[in-house]
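Participant: I am attaching a structure below and will ask some questions about it afterwards.
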C-alpha cells in the first residue's frame with residue numbers, strides 16, 4: 001500500500017496490488033476515460049473539509065475554500081453542500097461559485113488586480129467582503145461602489161512581513177511580496193477608508209503563503225494582526241471579522257504539517273487569551289484553505305509511452321506533461337509517483353518526462369521505479385494546482401477529470417478537450433483565406 005501522501009485518503013491497493021479509489025481500480029478509470037486524467041475522491045475532499053469544520057465547531061468562524069487550488073464545478077458544489085465559504089481571486093471564480101450553488105454572502109474576494117468590472121460584479125452579487133490589497137484599490141472600490149450607489153464591505157489585506165518558510169514563489173507575507181498593505185501603513189489606510197461613505201470597514205485580512213508546515217508563522221502573523229486591531233479599536237475603527245487566510249501544507253514527501261485541529265486549536269486559544277483583555281465581542285474568524293482541502297484528494301493518471309535509457313540518465317516518456325501538471329516545472333515541486341499495477345520489470349532510476357518541447361517538461365526526477373512501456377502511473381497529491389494551472393501549450397488538449405463517489409461510481413466532471421475546443425475562440429480573417 002502506498003504510504004505518505006495516500007495515508008488517510010480513499011486511495012488504496014486491493015488484494016491484487018492494484019491502486020484503487022473507493023474500491024474502484026484506477027486501471028478501469030484509465031481504460032474508460034483515457035490518460036492523462038485527474039481522478040478525485042469525493043470522500044477524501046469532503047472529509048478534509050470536515051476536519052476544518054469540526055475544528056471550528058461552536059466558534060464564530062467560516063471556513064472558506066480557496067478556489068484557485070481547484071475550481072471544478074463539481075468540487076465546488078460538494079463543498080457548498082457542506083456549508084463552505086469561498087475565497088475567490090477573479091470574476092470567473094465568482095461565476096463558478098454561483099453556478100455551482102455557492103452562496104455569494106459566503107464569498108471573500110482577494111487578489112491584487114481586481115478590475116472595475118470585477119468589483120462591480122462582486123458588489124452586484126452581494127458578496128461577504130472585498131479584501132483590499134492597496135491604497136489605490138481602496139479608491140477604485142470606493143469609486144465603483146459610489147457609481148453603483150452601493151456600499152462595499154471591505155477589509156484590508158495587511159502584509160505582516162512574516163517568513164512562512166516556504167518556497168519563494170508561494171510566499172505572500174514578506175515585505176518584498178506584491179501582496180497586501182505594509183503593516184506600518186495599514187492604520188493610515190483604514191483611517192482613509194473610514195472617511196469614505198461608499199465603503200464599510202468589516203475586517204482585517206492576512207495571508208502569508210502556501211504549503212506552510214509549522215505553527216509558528218501562523219501565530220506570529222496572528223499576533224501582528226491583533227496588535228493592529230487593538231490600534232484600530234483605539235482609533236474607533238470597529239473590526240467585525242478577522243480573515244486569517246490559509247496556507248496549511250500537505251504531505252508530498254514526508255512533511256508533517258499541523259493537523260487542522262492543531263492549527264485552529266492554537267489560533268482559537270491565542271484569540272481567547274487576547275479576548276480576555278477586551279470588552280467587545282470577539283470578531284468572526286475567517287479562513288481560506290485550498291491545498292489542505294483538495295490536495296490529497298486527487299491523483300493524475302498517466303501512461304508510460306516509451307523508455308529512453310542512457311549512460312547518464314534514464315528517461316521514461318509519459319503522456320502527461322508540464323501543461324497538465326505545471327508545479328514541477330514552475331518551482332521544482334515534488335510529487336510522489338506510484339505504479340498503479342504491479343510490474344515484472346526490473347527496477348531502475350528514472351526521470352519521468354513529458355512530450356512537450358521544453359527541457360523543463362518533467363514530472364518527477366530520479367525515482368526508483370519498475371517500468372515498461374504502457375504501464376499506468378499515478379502522480380500523487382495532484383488535487384491542488386494541477387488542473388487549475390493546466391494549459392494548452394504545444395496545442396495539447398487538457399485532461400479529463402473524474403470524480404469517484406463514496407460507492408465507487410465514476411463520474412466524468414470534465415471531458416477531455418478536443419481539437420475543436422482548442423480553436424473554438426480563434427478565427428482566420430477573410431483576407432487570409434484568398
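Participant: Could you tell me whether any residue of segment 170-182 is modelled with pLDDT of 90 or more and surrounded by 15 or more Cβ atoms within 10 Å (Cβ to Cβ)?
Facilitator: For segment 170-182, residues modelled with pLDDT of 90 or more and surrounded by 15 or more Cβ atoms within 10 Å (Cβ to Cβ): present.
Table: residues versus (1) surrounded by fewer than 20 Cβ atoms within 10 Å (Cβ to Cβ); (2) over 30 Å from residue 190 (Cβ atoms); (3) in contact with a helix residue (DSSP H, G or I) (Cβ under 9 Å, 6 or more places away or on another chain).
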residue: 297; (1), (2), (3): no, yes, yes
residue: 304; (1), (2), (3): no, yes, no
residue: 308; (1), (2), (3): yes, yes, no
residue: 321; (1), (2), (3): no, yes, yes
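Participant: While we're here: Residue 350 - would you say it is without any contact (Cβ under 8 Å) to a residue 60 or more places away in the chain, buried (at least 19 other Cβ atoms within 10 Å of the Cβ), assigned by TED's automatic domain parsing to the domain that holds residue 374 and in contact with a helix residue (DSSP H, G or I) (Cβ under 8 Å, 6 or more places away or on another chain)? Walk me through how you get there before you give the answer.
Facilitator: Details: without any contact (Cβ under 8 Å) to a residue 60 or more places away in the chain: yes; buried (at least 19 other Cβ atoms within 10 Å of the Cβ): yes; assigned by TED's automatic domain parsing to the domain that holds residue 374: yes; in contact with a helix residue (DSSP H, G or I) (Cβ under 8 Å, 6 or more places away or on another chain): no.
Answer is no for this residue.
Participant: Quick one: residue 343 ticks every box in (1) under 20 Å from the mean Cα position of the chain (by Cα); (2) assigned to a loop (DSSP other than H, G, I, E, B); (3) on the phi < 0 side of the Ramachandran plot bar one, so which box is it?
Facilitator: Residue 343 satisfies all of (1) under 20 Å from the mean Cα position of the chain (by Cα); (2) assigned to a loop (DSSP other than H, G, I, E, B); (3) on the phi < 0 side of the Ramachandran plot except (1).
Participant: Name the residue, out of 53, 77, that is part of a helix (DSSP H, G or I), in contact with a strand residue (DSSP E or B) (Cβ under 9 Å, 6 or more places away or on another chain), surrounded by fewer than 19 Cβ atoms within 10 Å (Cβ to Cβ) and free of Cβ contacts under 8 Å to residues at least 40 places away in the same chain.
Facilitator: Just one listed residue meets the conditions, 53.
The values are calculated or read from the model by the stated rules, or taken from the named source; none is laboratory data. Quick caveat, the model's predicted, so the values are computed rather than measured. Using ideal geometry, Cβ is built from the backbone for each residue, glycine included, and neighbour counts are taken over all protein chains shown.
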